[in-house]
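Asks: Sharing a structure here in structure tokens format.
The values are calculated or read from the model by the stated rules, or taken from the named source; none is laboratory data. Being a predicted model, the structure only gives us computed values, none of them experimental. Glycine gets a Cβ as well: all are built from the backbone with ideal geometry, and neighbour counts include every protein chain shown. These area figures cover heavy atoms from the full protein model, side chains too; ligands, DNA and RNA do not enter into them. Shrake-Rupley method; radii C 1.70, N 1.55, O 1.52, S 1.80 Å.
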There are 2 protein chains.
Amino acid sequence: MAVEGKNPDVPDSCFADRIGRFLDLTQPERVALAALEDRPRTVRRGTPLVRANDRGTELFMLRRGMLMNFVLLDDGSRQILGFHFPGDMLGWPTLAFRSAPEALVAVTEAEVCSFDRAALIELASERPRLFAAITAFNQMERQALVDRLAGMGRTSARGRVAALLIEIRNRMRRVDATITNRFILGLTQEEIGDATGLTAVHVNRMLRQLEEDGLIAREGGRVTLIDEDRLAHVANYIDRNDAVDLTWLARLR
Amino acid sequence: MAVEGKNPDVPDSCFADRIGRFLDLTQPERVALAALEDRPRTVRRGTPLVRANDRGTELFMLRRGMLMNFVLLDDGSRQILGFHFPGDMLGWPTLAFRSAPEALVAVTEAEVCSFDRAALIELASERPRLFAAITAFNQMERQALVDRLAGMGRTSARGRVAALLIEIRNRMRRVDATITNRFILGLTQEEIGDATGLTAVHVNRMLRQLEEDGLIAREGGRVTLIDEDRLAHVANYIDRNDAVDLTWLARLR
DNA sequence: CGTTATGTTGAGTTTATTCAATAACCGTGG
DNA sequence: CCACGGTTATTGAATAAACTCAACATAACG
């Protein structure tokens, strides 16, 4: 559902907007989703929503800003698992684990809504088609992890940094269609390193190299993707969004 | 449910056995699961169940043997995402993607049952609690991916190989409780490399080094974990199974 | 019994890291 | 507004990790 087509009688939901691009939602489904997005809360950069080993049973709906999740290893090093944007539903591990295996932190100022896992399970009973769609959405997030894993194992440092830039730009553009090839990354080089499995120093060299090769430009915190084709090529980047198909769910009630 | 406690009136299901360790299933739930495990099929080592870009809409229940899933990159390199054992439900990407983003292949002779995604969605409507449990199970598989990603990004080659050995032993032991610290790995060094993001040559050196350090022993295709504590330490290994908690689902109908 | 896949080993190279020093940036308080 | 302290970015030199290439050994298999 395009924003301009929204029905003012139906409560607002970032997640519904997102899912609505792939599947027409019924009004009751939209209402059910909106119920997960009441009591929004604004958090500052750096605010932890979930700490590793937390006992909470909450999930989160991100409405504005950027979050990241990561795990910390015994030696103190951090692996960032991904960055998250409006319309993402987070905190899924709480369905299976007693305590949080991952941390969840705001990378920029952000607006989030939280709800208990019990509410999600209730939704599974009452709106099975919607829950099936959510499950499908989970597969997309899983696939992002898979692609990151493949990049980590089988791609050069330069390629991994390039892939991160493209991925973040694409995610940002899905929220704000006015973004073209220039955007504010909003990450330190150390964060890029923790996401790509590199040291901050090497990230710096790779960014510089991408710049020297004319693939990107940087001014301040702003990044410009100059040669997207070549960038996507060195990154081994695949946009899985094009391959998404939820139409088969439409036939269900 | 321990194997010896099975009710002969209830149809057999590997997945039910697995989930039953965390949550008591009702008889109708077991019946519903068993329906996903009819028409079993035996496949030989190397048999592809899903090829990348396949249009199929099937999921699979693994009943015997070992499978692996992987992605292929443009340059021909392969990233193995994980190895799978009896009781695993596979092929989830078909819920979201038009064509398969990953391949699924038998690593050993294996017995699998396939069912259409439509059957899964039907189960979501009729057995919402069961579907919630399946969703929780999905989080476990996701966490395995996450831990592999973290290992790839932040652990030494030696640690990644060690982690793979421990993980596979643990998975095998969950199926066959008689396995202690000695098991048949059943993987070539190239496969280990594709799973850990290393070359086969380097895998060989790392195995040798683990052996020289007295952490493992090898004879033929058989691996013995000699010093599990130290091995787990170099691997940065965390057994997430201990942290699983599905008891909160028990309160539901 | 030959053929092919897999495993082993060495030498040299590439890639990424560590350590260290300096520069630019940012927010805060004066 | 500016000074200041801490974070972030940049760069060089030395080191360590992993890869490539190549040769050979061993095991698996029809």
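Asks: Need at least 1 residues that are modelled with pLDDT of 95 or more, under 25 Å from B:Leu185 (Cβ atoms) and small (Gly, Ala, Ser) per element, so show me which strands (runs of 3 or more DSSP E) inside the range B:65-166 make the cut, counting only ones lying wholly within it.
Replies: Details: elements: B:67-72, B:78-84, B:103-106, B:110-116.
It comes to B:78-84, B:103-106, B:110-116.
Asks: Give me the residue from the range B:171-193 that is in a helix (DSSP H, G or I) and farther than 11 Å from B:Phe83 by Cβ and, out of that set, nearest to DNA strand D (Cβ to nearest atom).
Replies: Among residues in the range B:171-193 that are in a helix (DSSP H, G or I) and farther than 11 Å from B:Phe83 by Cβ, the one nearest to DNA strand D (Cβ to nearest atom) is B:Gly193.
Asks: Which one is farthest from the chain's Cα centre (by Cα), of the residues in the range A:130-166 that are charged (D, E, K, R) and facing chain B (nearest Cβ under 7 Å)? Walk me through how you get there before you give the answer.
Replies: Step one: of the range A:130-166, the residues charged (D, E, K, R) are A:141-142, A:147-148, A:154, A:158, A:160.
Right, trim to facing chain B (nearest Cβ under 7 Å) and you get A:142, A:148, A:154.
Values: A:Arg142: 11, A:Arg148: 13, A:Arg154: 22 Å.
Within the range A:130-166, the match that is farthest from the chain's Cα centre (by Cα) is A:Arg154.
Asks: So, one more: In the list A:Gly159, A:Gly197, A:Gly221, A:Gly193, which residue meets the criterion of being within 11 Å of DNA strand C (Cβ to nearest atom) and on the phi > 0 side of the Ramachandran plot?
Replies: On the way: A:Gly159 fails: on the phi > 0 side of the Ramachandran plot; A:Gly221 fails: on the phi > 0 side of the Ramachandran plot; A:Gly193 fails: on the phi > 0 side of the Ramachandran plot.
Answer to the selection: A:Gly197.
Asks: Just to be sure I understand, how many residues within the range A:135-156 are within 16 Å of DNA strand C (Cβ to nearest atom) and either hydroxyl-bearing (Ser, Thr, Tyr) or open to solvent by 20 Å² or more (accessible area, probe 1.4 Å) (or both)?
Replies: 4
Asks: Go through (1) farther than 18 Å from B:Gly221 by Cα; (2) surrounded by fewer than 19 Cβ atoms within 10 Å (Cβ to Cβ); (3) free of Cβ contacts under 8 Å to residues at least 12 places away in the same chain one by one and return the number of the condition B:Thr180 breaks.
Replies: (1)
Asks: Also, quick follow-up: I'd like the residue in the range A:30-76 that is within 14 Å of chain B (Cβ to nearest Cβ) and touching a residue at least 60 places away in the same chain (Cβ under 8 Å) and, out of all such residues, is surrounded by the fewest Cβ atoms within 10 Å (Cβ to Cβ).
Replies: Taking the candidates together, the pick is A:Thr57.
Asks: Which of the following residues is open to solvent by less than 50 Å² (accessible area, probe 1.4 Å) and under 19 Å from the mean Cα position of the chain (by Cα): A:Arg169, A:Arg173?
Replies: The unique qualifying residue is A:Arg169.
Listed here are the residues, each with its yes/no results for (1) of a type in the set (D, E, K, R); (2) farther than 26 Å from B:Val146 by Cβ; (3) modelled with pLDDT of 95 or more.
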{"position": "A:Glu190", "(1), (2), (3)": "yes, no, yes"}
{"position": "A:Ala195", "(1), (2), (3)": "no, no, yes"}
{"position": "A:Val201", "(1), (2), (3)": "no, no, yes"}
{"position": "A:Asp213", "(1), (2), (3)": "yes, yes, yes"}
{"position": "A:Ile226", "(1), (2), (3)": "no, yes, yes"}
{"position": "A:Tyr237", "(1), (2), (3)": "no, no, yes"}
{"position": "A:Ala250", "(1), (2), (3)": "no, yes, no"}
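Asks: Now, a different point. Quick one: in the range A:219-253, of everything that is in a strand (DSSP E or B) and farther than 30 Å from A:Glu102 by Cβ, which residue is least open to solvent (accessible area, probe 1.4 Å)?
Replies: Checked the range A:219-253; the qualifying residue least open to solvent (accessible area, probe 1.4 Å) is A:Thr224.
Asks: Filter the range B:101-112 for residues that are crowded, with 22+ Cβ neighbours inside 10 Å and hydrophobic (A, V, I, L, M, F, W, C) and give the result. Walk me through how you get there before you give the answer.
Replies: Filtering the range B:101-112 down to residues crowded, with 22+ Cβ neighbours inside 10 Å leaves B:101-102, B:104, B:106, B:110, B:112.
Of everything in the range B:101-112, those that are crowded, with 22+ Cβ neighbours inside 10 Å and hydrophobic (A, V, I, L, M, F, W, C) turn out to be B:Leu104, B:Ala106, B:Ala110, B:Val112.
Asks: May I ask you to list the residues in the range A:194-211 that are within 14 Å of chain B (Cβ to nearest Cβ), within 11 Å of DNA strand D (Cβ to nearest atom) and under 19 Å from A:Leu225 (Cα atoms)?
Replies: Answer for the range A:194-211, where residues must be within 14 Å of chain B (Cβ to nearest Cβ), within 11 Å of DNA strand D (Cβ to nearest atom) and under 19 Å from A:Leu225 (Cα atoms): just A:Val203.
Asks: Across the range B:212-240, what is the number of residues that are in contact with a helix residue (DSSP H, G or I) (Cβ under 8 Å, 6 or more places away or on another chain) and within 11 Å of another protein chain (Cβ to nearest Cβ)?
Replies: 7
Asks: Could I ask something else about it? Kindly check whether there is at least one residue in the range A:227-247 that is within 12 Å of DNA strand C (Cβ to nearest atom) and under 28 Å from B:Pro93 (Cβ atoms). Before the answer, list the steps.
Replies: Our first condition is that a residue be within 12 Å of DNA strand C (Cβ to nearest atom); within the range A:227-247, this holds for A:234.
From what is left, the residues that are under 28 Å from B:Pro93 (Cβ atoms) are A:234.
Taking every residue of the range A:227-247 in turn, at least one turns out to be within 12 Å of DNA strand C (Cβ to nearest atom) and under 28 Å from B:Pro93 (Cβ atoms).
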